[in-house]
Structures are given as C-alpha cells and as structure tokens.
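Asker: I have a structure here, written as structure tokens, and I will follow up with some questions on it.
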Amino acid sequence: MATPRRLRLGMVGGGEGAFIGAVHRIAGRLDDCYELVAANLSGNAERAAASAAGLRLDPARSYADYQTMARAEAQRPDGIDVVAIVTPNYLHAPMATAFLDAGIHVICDKPLAISLAEGETLAALARHHNKVFALTHVYAGYPMVRHARAMVAAGEIGEVRLVQVEYAQDWLAEPANQSAEFQRTNWHNDPRRAGPNGCLGDIGSHAYHLAGYVSGMLPDEVLAELHAFTPGRVLDDHVQVMLRYPNGARGMLWSSQMATGCENGLRLRVFGSKASLAFSQEEPNELWLTPQGGCAQRLTRGRVRSEAALAATRVPSGHPEGYLEAFAQLYRDAAAHIHALDAGQAPPALACAMPDVNDGVAGLRFMAAVMESHRQGSRWLRFA
C-alpha cells in the first residue's frame, strides 16, 4: 500500500532497555512509511537524552517531557505528523490528550486508558480534532487473522455459535517474579500505573479484542472471576470469564500469567453452524478450518486468496512472517488513514481493519464489566 511520503514520527517512552519501544520503531520502518524524527524517550531527562543519542536523533528534538514535545513539534513547519505512545498504562490518556490537542495523530499501546471514563473522553477528543487514533492490538495485523475475519463476515462458517479465546503466559510464575520485592516495585502490580487490573488489562484485553475482531460480535453479558495466585499481589494474575452474545451465542475467555510452561499462548476458536476456525498466535502463518462432518484443513499464509490476507502479506508462502510484520501492518494501516484524512479522502477499505480508539473503549467497557461481575460475587452482569 503506497503512501505519498514518509510520515514524521515522534515517540514517547520506549528508551534504553524498553522492549516495546524497539518493536514500534521497527514496525514504523518496515514498510518505509515513517521516519522517527523526535522523541521523549524517558521521564528521566538524562536517560531520554542518552536514548535519543543512541538512536541518532537530532539533540534539538530530544525532549525531557512530553508536554514540551507536543507544543514544540506542533509549532515546527516540519513537526511530527503522528506520535507513538509506548509507556505504562496510566500515561496513555494524558499523553494522547496533549498530542491530540496539539493537532497530532496518535498511535497508542493498549489498553487505551486506565478507566472507561478516560477512554470515552479520548474517543470524543479524537473525533473533535478529526485525528487518527490507532491502537496497537497487534494480533489483528496477522494475515491469517484477517483471513479468518473475512471468512466469518462472508458467512463461510455459518452463524457463529461459540467463541473460545485464551491467552496464557507463565512469566509471573517465575521465582524471581514471585518475590515481595518484585510485587512492590514492578509497575504491572501497581494500580497507580497499571490501572485497576493486572492480567486482565495486560493480555486479557488482547484476547477480548481478537475474539471480537474475528467473530464480528461483542458480548452483552459476562460472568467473571479475577484471581491472584501470587502471594502479596495486589492486582490479578489470572482471569476467567463466561460470555453471552446478543445472537444467543456463548463464549469463554481465559487469560493467565501463571500458566506454567506457556510462553505466549494466544489461541482463538470460533464455531459456526457450518464450520469452525482455529488460530494460534504461536503458529501465526496457519489457520485451521474444519467443516461440520468434514476433515480439518490447514490454510496457510501466502496461499489463501482473500484480499484482506493478501494486503497484509509481504513475502511468498513458506517464508514465515510473524509478530514484527503484524505490528508493521497496523503502522501501515495508520499511515494510509493519515494520508487519506490529510487529502480529504476516505481511507482505503482494507486499511479500515486497523484497531482504533473505539476498539479501546469497547475493551475498557468489557474490563469494567468483568471487574464489576467479580465484585458482585461472580454473577451474570449485562453491560451493553
């Protein structure tokens, strides 16, 4: 998907030692849609400057705080077009607000914010300023996920009856991460920085988005339990939710960061009246289709012919694509949206598969319902 020029990208967060910052920078460059030109890479001024020097950024465009960066870049004739926000959760809303108010598009890590009220305010602000607000639910960038979404939308598996999604990791079960010191210092266990939930917002939000993205449906009732297996942990490290959908479909969502032996086990199964689909994030180049009464069929990236999958495919079949390419797809979609908006045109249809601020609000609404169901003794709660 060609773009008229490289967009000038800014970044907040993601300095030295930050895994996700490097991922965003690679994603922005992979399809040659962006050039990183300005940043506030840390809340510590010295670390921000050192990180910027390591990336060979112009020292004049390495900022000590995001407020100064938003004001200064908005006043430059060559100022940034879009900012990537790659910080702990509690900073997402104030940072996005500053850049939207400065007239700058936003690409933000999930979750959108730490409360539904914050998320709804951001969505209204993005509409008010008419700015693109992309949310990096990265798994929506995989070609086989987009193919599955297209198949469901075309009715190829029939009416959806069951949605089963899980996201299992074991990093919090590591002995070092079970210590009292880790629980005290790690931001993922600090409600002031992570928000009111842990595993739910960290990876449960990804599972929820993927289920809705592929099935085309969001539940309107939940029954949920949050739990912390870790001694002394404030926030949840394990989540299980039963789902009811408006069309009568049923579902289950399980996410855990205490699932011993699991690495990054995001899996989705969607069962329709004609067939079922199964996707595993750890094998992202394949999708399993099983017709009712038939044999399972392994569909592979580069061989499926849907426009949605082909538009997100970069190399021939048999050459693996993965996480970085999926991330880059969201950046490419965002670039297409920004260029179209600047030209006064509608974005390309295939780029409209990009997760945005509205997906973030839907996720926050779900998380609020999960927490309320749990508080009420794990009872059914209608929330939509």
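The values are calculated or read from the model by the stated rules, or taken from the named source; none is laboratory data. Keep in mind that this is a model prediction, so the values were computed, not measured. Here the Cβ positions follow ideal geometry from the backbone for every residue, glycine too, while neighbour counts run over all protein chains shown. For the accessible areas, the whole protein counts, side chains as well, though only heavy atoms, and no ligand, DNA or RNA atoms are used. Shrake-Rupley method; radii C 1.70, N 1.55, O 1.52, S 1.80 Å.
Asker: What is the sum of charges, Lys and Arg at +1 and Asp and Glu at -1, for the other residues whose Cβ falls under 15 Å from the Cβ of Val361?
Answerer: Neighbour charge sum, excluding Val361 itself: -1.
Asker: Post the alpha-carbon centroid distance, segment 66-143 to segment 220-295, in whole angstrom.
Answerer: Between the Cα centre of segment 66-143 and that of segment 220-295, the gap is 29 Å.
Asker: Compute the relative contact order of the chain as a whole-number percentage, counting only Cα pairs closer than 8 Å that sit 6 or more residues apart in sequence.
Answerer: 20 percent.
Asker: Which of the listed residues, Gly103, Ala140, His92, is farthest toward the dipole's positive end in the chain, when Lys, Arg count +1 and Asp, Glu count -1 at the beta-carbon?
Answerer: The one lying farthest along the dipole's positive direction is Ala140.
Asker: In addition: Probe radius 1.4 Å, ligands and nucleic acids ignored: give me the carbon and sulfur share of the accessible area of the chain as a rounded percent.
Answerer: 53 percent
Asker: Project the alpha carbons of segment 192-302 onto their principal axes and report the range along each, largest first, in whole Å.
Answerer: Cα extents, longest axis first: 49, 32, 21 Å.
Asker: Classify segment 47-125 as rounded, prolate or oblate, taking a ≥ b ≥ c as the square roots of the eigenvalues of its Cα gyration tensor: rounded when a/c is under 1.5, otherwise prolate if a/b is larger than b/c and oblate if not.
Answerer: Note, shape of segment 47-125 comes out oblate.
Asker: While we're looking at this one, here's another question. Out of every Cα-Cα pair in segment 266-384, what percent are more than 17 Å apart?
Answerer: 71 percent
Asker: Which of these, Phe99, Phe182, Phe327, has the largest mean-square fluctuation under a Gaussian network model of the chain (Cα springs below 10 Å)?
Answerer: Comparing Phe99, Phe182, Phe327 in the GNM, the peak value goes to Phe182.
Asker: Roughly how many debye, to the nearest 20, is the charge dipole of segment 302-384 about its Cα centre, given +1 on each Lys and Arg Cβ, -1 on each Asp and Glu Cβ, and no other charges?
Answerer: 400 debye
Asker: Please give me the summed charge of the neighbours of Phe383: other residues whose Cβ is under 15 Å from its Cβ, Lys and Arg +1, Asp and Glu -1.
Answerer: +1
Asker: Any chance you could look up the accessible area of Ile26 with a 1.4 Å probe, heavy atoms only, rounded to 10 Å²?
Answerer: 80 Å²
Asker: Taking the Cα centre of segment 148-235 as origin, sum charge times position over the Cβ atoms of Lys and Arg (+1) and Asp and Glu (-1), and report the length of that vector in debye to the nearest 20.
Answerer: 280 debye
Asker: Which of (i) 22, 41, 28, 8, 1; (ii) 28, 59, 13, 0; (iii) 31, 62, 6 is the computed P(r) over Cα pairs in 20 Å bins from 0, in percent for the structure on display?
Answerer: Computed from the coordinates, P(r) over Cα pairs in 20 Å bins from 0, in percent corresponds to (ii).
Asker: Further, regarding this structure: Place a +1 charge on the Cβ of each Lys and Arg in the chain and a -1 charge on the Cβ of each Asp and Glu, then give the dipole magnitude about the Cα centre in debye, rounded to the nearest 20.
Answerer: 600 debye
Asker: OK, next. Classify segment 149-218 as rounded, prolate or oblate, taking a ≥ b ≥ c as the square roots of the eigenvalues of its Cα gyration tensor: rounded when a/c is under 1.5, otherwise prolate if a/b is larger than b/c and oblate if not.
Answerer: Cα axes put segment 149-218 in the prolate bin.
Asker: Here is a follow-up. Before rounding to the nearest 500, sum -39500 (n - 2.57) across all DSSP H runs of length at least 4 in the chain and divide by the residue total; then give [θ] at 222 nm in deg cm²/dmol.
Answerer: Here the helix-only value at 222 nm equals -10500 deg cm²/dmol.
Asker: Also, I was wondering about something else. Mind ranking Lys131, Lys274, Lys110 by accessible surface for me, highest first, 1.4 Å probe?
Answerer: Order by accessible area, largest first: Lys274, Lys131, Lys110.
Asker: Return the single residue from Gly212, Gly344, Gly363 with maximal mean-square fluctuation; model: Gaussian network over the chain, springs between Cα atoms under 10 Å.
Answerer: Of the options given, Gly344 has the highest mean-square fluctuation.
Asker: Let me ask something else. Roughly how much of Ser179 is accessible, in Å² to the nearest 10, using a 1.4 Å probe?
Answerer: 40 Å²
Asker: Can you give the net charge of the other residues whose Cβ lies under 14 Å from the Cβ of Ala311, counting K and R as +1 and D and E as -1?
Answerer: For residues surrounding Ala311, the net value is +1.
Asker: Per residue, how much accessible area does the chain have with a 1.4 Å probe, in Å²?
Answerer: Value returned for the chain: 42 Å² of accessible area per residue.
Asker: Hey, another quick one. Given the options Ala153, Ala309, Ala207, which has the most mean-square fluctuation in a GNM of the chain, springs set between C-alpha atoms less than 10 angstrom apart?
Answerer: Ala153
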